[in-house]
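Colleague: Got a structure for you, written out below as structure tokens; questions coming shortly.
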There are 2 protein chains.
Amino acid sequence: MDKKTASLSGAFKGNTEPKSFSKNPIKGTKFTIAISSAKGGVGKSTFATNFALALKSTGSKVGILDADIYGPSLPKMMAIKNKPESEDGKSLIPIEQYGLQCMSIGFLVDEETPMIWRGPMVTSAIKTFTEKVLWNNLDFIVVDMPPGTGDTQLTFAQQIKVDGAIIISTPQEIALLDVKRGIKMFDKLKVPILGLVDNMSFFESEDGEKHKIFGEGGVEKISKNYNKEFLGKIPIDIDLRVAADTGKPLVEECPDHKISKIFIEMATKIKGSFL
Amino acid sequence: MDKKTASLSGAFKGNTEPKSFSKNPIKGTKFTIAISSAKGGVGKSTFATNFALALKSTGSKVGILDADIYGPSLPKMMAIKNKPESEDGKSLIPIEQYGLQCMSIGFLVDEETPMIWRGPMVTSAIKTFTEKVLWNNLDFIVVDMPPGTGDTQLTFAQQIKVDGAIIISTPQEIALLDVKRGIKMFDKLKVPILGLVDNMSFFESEDGEKHKIFGEGGVEKISKNYNKEFLGKIPIDIDLRVAADTGKPLVEECPDHKISKIFIEMATKIKGSFL
């Protein structure tokens with residue numbers, strides 16, 4: 001029998017090429033920076049909160065939007081337990097914590113409630129957060145993106161003016177594949193990539209030895225191959241994880257910590273490319 | 001002014017309660033086991049491939065379906081570079097590797113191509129993989145689920161007879177939130193939970209010291225609180241990561257490795273609950 005090699009049908013292929021859309025900035029904000037990684041669990045939310053606080057420490061007015069509808073982590077990472085208020089029953093006032101204006105689906109539902117939603121519901125929630133939240137005079141809004149290359153990414157790229165994306169990855173081979181997919185996605189959707197970060201680069205035990213648990217150097221190599229900025233490495237650090245787990249990010253809790261200094265240096269660099 | 005505390009509107013709330021559906025088993029398979037974690041990057045795919053191979057080593061016929069449309073990792077983890085064949089242009093023949101029948105969206109597209117798709121496209125791809133793949137006489141099909149609680153999870157839970165789910169997590173607090181959401185999702189969707197696995201439990205350096213990088217004991221505690229089986233701990237292991245990165249999973253490459261033995265023990269236990 002004549003066997004054919006299978007590939008994607010024309011209908012599927014057609015849909016991988018997005019159309020062009022008119023894009024609007026998020027009201028009440030100047031610049032939108034997306035913190036992204038096609039792969040989950042690489043420390044994106046820990047990066048986003050600490051990076052936002054680092055931007056704030058440079059004198060900017062900063063907000064953080066948790067765009068991860070399925071796995072919001074902002075309430076826990078920023079120790080926010082109250083619900084946002086609304087003056088008219090339609091718009092939402094962001095919650096201020098550690099000097100950041102914050103919004104997350106996790107403020108609206110019990111933290112253990114799963115959002116078992118299909119794509120169009122997610123898109124609708126993202127639109128609420130970008131159109132109905134009264135962000136107040138922000139220089140930067142940092143958007144903590146969910147993993148993947150789906151509804152949330154498409155909604156941002158097609159309908160919202162994203163000024164730049166930072167791609168986070170751990171250095172193991174299997175994660176790097178997702179980095180390449182992420183770069184191609186942003187290039188295709190015409191979102192500028194501000195740079196790549198190598199997270200959980202190594203673990204330093206008490207004797208000073210550096211254990212390259214997830215391998216080495218992959219993210220920097222990809223940055224070069226794809227002609228993107230390499231923003232630096234952040235090691236695995238128990239203080240950083242504990243601070244995230246206890247609701248006071250390290251940059252806020254301990255701005256002089258060596259890890260905090262890495263965040264502040266990156267934030268200063270990124271800010272310099274905008275202001 | 002009269003300020004109200006915001007919460008989800010009725011329309012949103014209504015949609016968090018799924019309806020009931022008629023469910024069919026995946027053709028050519030006896031039991032469907034979903035490997036899940038609401039959070040990404042916890043080692044789900046590494047677990048799924050090694051667990052499938054461990055099941056095979058107990059004498060079962062096993063297939064693995066990579067249901068992560070946005071971040072397929074099966075081609076890389078199993079070193080599969082060829083495309084699946086089709087005898088009639090509609091159905092797909094799974095690719096056999098290391099004795100497992102395998103299918104992934106990554107077999108159909110270039111590995112660096114991002115699938116920039118909205119939810120309905122994802123649902124359509126999942127239906128193709130569960131209805132049009134010629135799985136051949138399998139005892140078990142292991143499904144490597146994507147992170148989140150969205151389209152893929154809903155499609156499986158509503159339309160496919162899933163016999164049980166294994167939830168994987170790393171032990172840090174922020175990951176445990178996603179475990180709780182995952183448990184609630186499966187309970188709501190009436191998918192039996194076979195048990196929870198604590199992955200990347202600790203890192204043992206060469207001097208034998210155990211570093212609890214991501215904290216300790218959280219997954220086991222949640223298992224008890226929610227009255228679910230605790231299947232055990234898997235430490236961070238460089239051999240396990242390297243094997244995944246080089247395309248020959250550790251259970252296949254080195255079945256006598258201490259980590260392989262953990263997988264085989266878990267697989268034997270799970271198998272015993274079905275056969």
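The values are calculated or read from the model by the stated rules, or taken from the named source; none is laboratory data. Predicted, not measured: the structure shown is a model, and the values here were computed from it. Cβ sites come from the backbone with ideal geometry, for glycine too, and all protein chains shown count toward neighbours. Just the protein is used for accessible areas: all its heavy atoms, side chains included, with ligands, DNA and RNA removed. Shrake-Rupley method; radii C 1.70, N 1.55, O 1.52, S 1.80 Å.
Colleague: Which one of the conditions (1) within 14 Å of chain B (Cβ to nearest Cβ); (2) in a helix (DSSP H, G or I) does A:GLU220 fail to meet, given that it meets all the rest?
Modeller: If we test A:GLU220 against (1) within 14 Å of chain B (Cβ to nearest Cβ); (2) in a helix (DSSP H, G or I), just (1) comes out false.
Colleague: Among the residues of segment A:88-96, are any farther than 15 Å from A:GLU131 by Cα and facing chain B (nearest Cβ under 10 Å)?
Modeller: Here is the first cut: in segment A:88-96, the residues farther than 15 Å from A:GLU131 by Cα are A:95-96.
After this cut, where a residue has to be facing chain B (nearest Cβ under 10 Å) as well, the list is none.
No, there is no match, as no residue in segment A:88-96 is farther than 15 Å from A:GLU131 by Cα and facing chain B (nearest Cβ under 10 Å).
Colleague: Out of A:THR149, A:THR170, report the one residue that is open to solvent by less than 10 Å² (accessible area, probe 1.4 Å), closer than 21 Å to A:THR32 by Cα and within 18 Å of the chain's Cα centre (by Cα).
Modeller: Numbers: A:THR170 fails: closer than 21 Å to A:THR32 by Cα.
Answer to the selection: A:THR149.
Colleague: Also, I was wondering about something else. List the pairs whose first member sits in segment B:90-102 and is without any contact (Cβ under 8 Å) to a residue 60 or more places away in the chain, whose second member is open to solvent by less than 20 Å² (accessible area, probe 1.4 Å) and among the polar types (S, T, N, Q), and whose Cβ atoms are under 8 Å apart, counting only residues at least 6 apart or on separate chains?
Modeller: B:LEU92/B:SER86; B:ILE93/B:SER86; B:PRO94/B:GLN101; B:ILE95/B:GLN101
Colleague: Taking A:LEU74 and the conditions (1) within 14 Å of chain B (Cβ to nearest Cβ); (2) modelled with pLDDT under 95, which numbered condition does it fall short on, given that it satisfies the others?
Modeller: For A:LEU74, the exception is condition (2).
Colleague: If I ask for residues that are crowded, with 19+ Cβ neighbours inside 10 Å and either over 20 Å from B:SER201 (Cα atoms) or at pLDDT 85 or above (or both), which ones from segment B:7-39 would you list? Explain how you work it out, then say what you get.
Modeller: Of segment B:7-39, the ones crowded, with 19+ Cβ neighbours inside 10 Å are B:26, B:29, B:31-39.
Correct list: B:ILE26, B:THR29, B:PHE31, B:THR32, B:ILE33, B:ALA34, B:ILE35, B:SER36, B:SER37.
Colleague: Still on this structure, I have one more. Give segment A:41-57 a look and list any residue that's open to solvent by 10 Å² or more (accessible area, probe 1.4 Å), in contact with a strand residue (DSSP E or B) (Cβ under 7 Å, 6 or more places away or on another chain) and either basic (Lys, Arg) or in a helix (DSSP H, G or I) (or both), or say none. Can you show your working first?
Modeller: Keep residues of segment A:41-57 that are open to solvent by 10 Å² or more (accessible area, probe 1.4 Å), which gives A:41, A:43-46, A:56-57.
Adding the requirement that they be in contact with a strand residue (DSSP E or B) (Cβ under 7 Å, 6 or more places away or on another chain) leaves A:43-45, A:56.
Passing the criteria: A:LYS44, A:SER45, A:LYS56.
The rows are residues; the columns are (1) closer than 23 Å to B:GLY148 by Cβ; (2) modelled with pLDDT under 95; (3) polar (S, T, N, Q); (4) surrounded by 23 or more Cβ atoms within 10 Å (Cβ to Cβ).
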site: A:LYS61; (1), (2), (3), (4): no, no, no, no
site: A:ALA67; (1), (2), (3), (4): yes, no, no, yes
site: A:MET78; (1), (2), (3), (4): yes, no, no, yes
site: A:ASP88; (1), (2), (3), (4): no, yes, no, no
site: A:LEU100; (1), (2), (3), (4): no, no, no, yes
site: A:ILE105; (1), (2), (3), (4): yes, no, no, yes
site: A:ASP110; (1), (2), (3), (4): yes, yes, no, no
site: A:THR113; (1), (2), (3), (4): yes, yes, yes, no
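Colleague: Anything in segment A:156-181 that is of a type in the set (Ser, Thr, Tyr) and either assigned to a helix (DSSP H, G or I) or at positive phi (or both)? List them, or say none.
Modeller: If the condition is that a residue be of a type in the set (Ser, Thr, Tyr) and either assigned to a helix (DSSP H, G or I) or at positive phi (or both), then no residue fits.
Colleague: From the list B:THR155, B:THR113, which residue is farther than 18 Å from B:SER37 by Cβ, hydroxyl-bearing (Ser, Thr, Tyr) and touching a Lys or Arg at 6+ places or on another chain (Cβ under 8 Å)?
Modeller: Working: B:THR155 fails: farther than 18 Å from B:SER37 by Cβ.
Sole residue among the options that is farther than 18 Å from B:SER37 by Cβ, hydroxyl-bearing (Ser, Thr, Tyr) and touching a Lys or Arg at 6+ places or on another chain (Cβ under 8 Å): B:THR113.
Colleague: Please find, among A:LYS184, A:LYS233, the residue that is assigned to a strand (DSSP E or B), at negative phi and in contact with a Ser or Thr (Cβ under 9 Å, 6 or more places away or on another chain). Show your work before the answer.
Modeller: Working: A:LYS184 fails: assigned to a strand (DSSP E or B).
Step by step, each of A:LYS184, A:LYS233 is checked, and only A:LYS233 is assigned to a strand (DSSP E or B), at negative phi and in contact with a Ser or Thr (Cβ under 9 Å, 6 or more places away or on another chain).
Colleague: What about A:GLY208, is it closer than 22 Å to A:ALA38 by Cα and either outside any helix (DSSP H, G or I) or of a type in the set (Val, Ile, Thr) (or both)?
Modeller: Details: closer than 22 Å to A:ALA38 by Cα: no; either outside any helix (DSSP H, G or I) or of a type in the set (Val, Ile, Thr) (or both): yes.
No, not satisfied.
Colleague: Looking at segment A:240-251, which of its residues are touching a helix residue (DSSP H, G or I) at 6+ places or on another chain (Cβ under 6 Å) and surrounded by fewer than 21 Cβ atoms within 10 Å (Cβ to Cβ)?
Modeller: First, the residues of segment A:240-251 that are touching a helix residue (DSSP H, G or I) at 6+ places or on another chain (Cβ under 6 Å): A:240, A:243-245, A:249-251.
Within segment A:240-251, A:ASP245 is the sole residue that qualifies.
Colleague: I've got another one for you. Residues in segment A:256-263: is at least one open to solvent by less than 50 Å² (accessible area, probe 1.4 Å) and charged (D, E, K, R)?
Modeller: Initially, segment A:256-263 is screened for residues open to solvent by less than 50 Å² (accessible area, probe 1.4 Å), giving A:257, A:259-260, A:262-263.
Narrowing the set further to residues that are charged (D, E, K, R) leaves none.
No, segment A:256-263 contains no residue that is open to solvent by less than 50 Å² (accessible area, probe 1.4 Å) and charged (D, E, K, R).
Colleague: Please work out which residue is farthest from the other protein chains (Cβ to nearest Cβ), limiting yourself to segment B:119-155 and to residues that are at pLDDT 95 or above and assigned to a loop (DSSP other than H, G, I, E, B).
Modeller: Once the filter is applied, the top-ranked residue is B:ASN137.
Colleague: Here is a further query. Within segment B:177-199, which residues are within 11 Å of chain A (Cβ to nearest Cβ) and open to solvent by 30 Å² or more (accessible area, probe 1.4 Å)?
Modeller: Step one: of segment B:177-199, the residues within 11 Å of chain A (Cβ to nearest Cβ) are B:177-189, B:199.
Passing the criteria: B:LYS180, B:LYS184, B:ASP187, B:LYS188.
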